[in-house]
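These notes are about the structure you will find just below.
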Amino acid sequence: MSYKAQMKPPVQQQIALKLEDSVGFSCDTCGGVFFTEQMMLRKWSKILTGTPEDYVQPIPCFRCADCGTPLKQFFPKGMKDIEEGLGLTEVEEPKKSSLIV
Ligand SMILES: [Zn+2]
């Protein structure tokens with residue numbers, strides 16, 4: 001019986017990405033293809049976090065360099081106050097209430 005070492009050097013998976021296989025992003029409003037990274041700031045109340053100070057975290061987002069429209073694909077969801085101001089709220093089908101009024 002021969003002992004075969006099962007240990008193999010870790011195979012580094014390197015995916016050769018070719019630019020010609022990629023797909024570009026463009027602005028929904030003006031078709032621009034240049035974007036600038038910007039930061040939004042979100043604050044969590046110290047009441048929620050249980051810390052002595054409010055918690056503030058920057059949230060990165062991209063905006064069209066030409067017209068300023070946020071790139072929706074990367075816009076983090078869940079900031080309804082900002083989404084409404086930017087017109088990013090998705091129209092939801094009104095759900096029928098199960099409550100009989
Ligand atoms: Zn644009």
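Readers should treat all values here as calculations from the given coordinates under stated rules, not as data from a laboratory. A quick note: this is a predicted structure, and the numbers were derived from the prediction, not measured. Please note: Cβ atoms are built from the backbone with ideal geometry, for glycine as well, and neighbour counts cover all protein chains shown.
Here are some notes:
- This model, with +1 at the C-beta of Lys and Arg and -1 at the C-beta of Asp and Glu, gives segment 42-94 a dipole about its Cα centre of some 260 debye.
- Computed over every Cα-Cα pair of segment 25-79 and binned at 5 Å starting from 0, the pair-distance distribution P(r) comes out as 5, 19, 22, 16, 12, 9, 8, 6, 3, 0 percent.
- Packing, as the average of other Cβ atoms within 10 Å across residues, places the peptides 13-20, 77-84 in the order 77-84, 13-20, highest first.
- Summarising the amide proton neighbourhood of residue 40: residues at separation of 5 or more, or on other chains, whose placed amide H is nearer than 5 Å comprise 59, 61.
- The HN-Hα couplings worked out from phi for segment 47-60 by the Karplus form 6.51 cos²θ - 1.76 cosθ + 1.60 (θ = phi - 60°) are 5, 6, 7, x, 10, x, 10, 4, 9, 10, 9, x, 10, x Hz, whole numbers, x standing for Gly and Pro.
- Inter-label distance for residue 44 and residue 88, nm, one decimal - labels placed 7 Å from Cα along Cα-to-Cβ: 1.9
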